[in-house]
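Bear in mind that the values in this text are calculations on the coordinates, not laboratory data. For clarity, every value in this text was computed on a predicted model and none was experimentally measured. Here Cβ is always computed from backbone atoms with ideal geometry, including for glycine, and neighbour counts include all displayed protein chains.
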2 protein chains.
Amino acid sequence: MAIRYPGGRRYSPPEQPKNKVPKKDYSFSNRGKTLEDELDESNAFYLANKIAVIHKKPVPVQVVKVDYPSRSAAVIREAYFKTPSTTDYNGIYNGRHIDFDAKETGIATSFPLKNIHAHQVEHMKSVTEQGGTAFLIVKFTVSGRYFAVPFDLVERAWERMESGGRKSIPLAELEEEAVEFKAGYLPRLDYLKAVSRFGIS
Amino acid sequence: MAIRYPGGRRYSPPEQPKNKVPKKDYSFSNRGKTLEDELDESNAFYLANKIAVIHKKPVPVQVVKVDYPSRSAAVIREAYFKTPSTTDYNGIYNGRHIDFDAKETGIATSFPLKNIHAHQVEHMKSVTEQGGTAFLIVKFTVSGRYFAVPFDLVERAWERMESGGRKSIPLAELEEEAVEFKAGYLPRLDYLKAVSRFGIS
């Protein structure tokens, strides 16, 4: 189901236009799943195995009108999507507060910063200042490559853009400064292992 | 606006029946605000003053039908409230992962455990096992008293109920083992100060 923000912009994934078949992923292990599905599976694995407690937040909705048909569930008859004011995922891993957003891009050679909002950058900065671990998970849908991108790299790229520089993080910078990881079986995406290598690799 | 779960049960606060004026709070500083409003204000204060980053999660909604009128925002035309699978609030305070739910009760002498769900108790247990701080904020609307209730007390009361014991936490137990705090001005509810006294007072 296509979920849209007010104004009609699609919720996720931003690069796949309506009525087009999503670009295919040619790796064997990675056919047809969205990044959100993969993260949901991974988080369920982490929870069941007592590795971490991480949940996706519900999509924020402004409810305007609700009907109460007798003997059945309340039905929302008018509501609007709101722009999220924080990131989509958070939780706890080994005593560490974890906070991140997940983005897919169909661009092959860079991650466009238009995929994130100024208030999300601000939120990740606040979390970092409180001692939490904030980052992005970026999936390149064409190549099937995944990166855990620490907030300090996101922040530098964001400030460079605001100073008139490029509006994306080049793949070469991610290869150099982010932590790449591969899709597996259980968990599907062991992104917390990648995150625990921040500042090391 | 009254928000309802499937089945028609009100989202919050559970004890105030529809079409009745909420019971009045006779303390000077506490006229007419819901606990959710008070916590929102407090969290905005914490955020602005770089004390903590704590947000309420959006109410989970299952969207079934969306209209896209041209030149205007997408309108949700059919959706249903889902039961939350976690607590309503979480975030980070001084490097500590914070996870809690907030409940008002119109009962004067105890906190009825029907205000919380089994899966919320399960969630708070998982968070505690990962090293996070899980608790309830309970407001007695008749007396205007507030308690921060550590998860271990919630868990003991829950297990007592499941073994056939009483279905509530008596006020006397809260006075003994939870941390009471008062409404103030800035922040409205300094509940994190109360939480930092868990295990001390």
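Once amide H atoms are built 1.01 Å from N in the peptide plane, which residues 5 or more positions from A:TYR89, or in another chain, come under 5 Å H to H?
A:LYS57, A:PHE100
If the reach is capped at under 18 angstrom between alpha carbons, list the aspartates and glutamates near B:LYS65, excluding any in the same chain fewer than eight residues apart.
A:ASP67, A:GLU78, B:GLU78
Quick one: label points 7 angstrom along Cα→Cβ at A:HIS119, distances to the other copies in nm, smallest first?
A:HIS119 label point versus its equivalents elsewhere: 2.7 nm.
Quick one: in region B:29-170, what % of C-alpha pairs are over 18 Å apart? List each step's numbers first, then the result.
Details: 6429 of 10011 pairs.
Distances greater than 18 Å cover 64 percent of the Cα pairs.
Of the GluC sites (Glu not before Pro) in region B:78-153, which ones lie in a loop per DSSP and count no more than 10 other C-beta atoms within 10 Å? Write out the running numbers ahead of the final one.
Values: sites: B:GLU78, B:GLU104, B:GLU122, B:GLU129; in loops: none.
Nothing satisfies the criteria.
Order B:37-43, B:161-167, A:43-49 from most to least packed using the mean count of other Cβ atoms within 10 Å. Mind showing how you got there, number by number?
Working: B:37-43: 18.7, B:161-167: 10.9, A:43-49: 15.9.
Top to bottom by mean Cβ count within 10 Å: B:37-43, A:43-49, B:161-167.
To the nearest whole number, what is the average tally of beta carbon atoms from other chains within 10 Å of the beta carbons of peptide A:73-85? Walk me through the intermediate numbers first.
On the way: counts 8, 13, 8, 12, 6, 6, 9, 6, 7, 1, 0, 1, 2.
Neighbouring Cβ atoms belonging to other protein chains average 6 per residue here.
Sequence-distant or interchain residues sharing an amide H contact under 5 Å with A:ALA52, placed H: which?
Those lying under 5 Å, H to H, from A:ALA52 are A:LEU47.
How would you rank B:89-98, B:51-60, highest first, on the average number of other Cβ atoms within 10 Å across their residues?
B:89-98, B:51-60
For each pair in A:LYS193/B:LYS82; B:LYS33/B:LYS103; B:LYS82/B:LYS193; A:LYS57/B:LYS125; B:LYS103/B:LYS167, compute the distance between the two Cα atoms and list the pairs where it is over 22 Å.
Details: A:LYS193/B:LYS82 32 Å; B:LYS33/B:LYS103 13 Å; B:LYS82/B:LYS193 32 Å; A:LYS57/B:LYS125 19 Å; B:LYS103/B:LYS167 16 Å.
Flagged as over cut-off: A:LYS193/B:LYS82; B:LYS82/B:LYS193.
Out of residues 5 or more away from B:VAL61 or on other chains, whose amide H comes under 5 Å of its own, with H placed 1.01 Å from N in the peptide plane?
Close amide H contacts, sequence-distant or interchain: A:VAL59, B:LYS82.
How many angstrom lie between the C-alpha centres of region A:155-188 and region A:45-95?
Going from one Cα centre to the other spans 28 Å.
Could you give me the ³J(HN,Hα) list for region A:94-99, computed from phi with Karplus coefficients 6.51, -1.76, 1.60 and θ = phi - 60°, whole Hz, x at Gly and Pro?
6, x, 9, 7, 10, 8
Stokes-Einstein at 20 °C, 1.002 mPa s, Kirkwood radius from Cα pairs: D for region B:64-130 in µm² s⁻¹?
Values: Rh = 15.5 Å.
Translational D for this selection: 138 µm²/s.
Which distances, in nm and shortest first, link the A:ILE107 label point to the same label point in every other copy, taking 7 Å along Cα→Cβ?
Result for A:ILE107, in nm, nearest copy first: 5.6.
Between the label point of A:ALA73 and that of the same position in each other copy, find the distances and list them shortest first in nm, with every label point placed 7 Å from Cα along the Cα-to-C-beta direction.
For A:ALA73, the inter-copy label distances come out at 2.3 nm.
Subtracting the Cα-Cα distance from 0.36 nm times the residue separation, let me have the gained length for A:TYR68 to A:GLU176 in nm, one decimal. Show your work: numbers first, answer last.
Values: separation 108, 0.36 × 108 = 38.88 nm, distance 5.56 nm.
Answer, rounded to one decimal: 33.3 nm.
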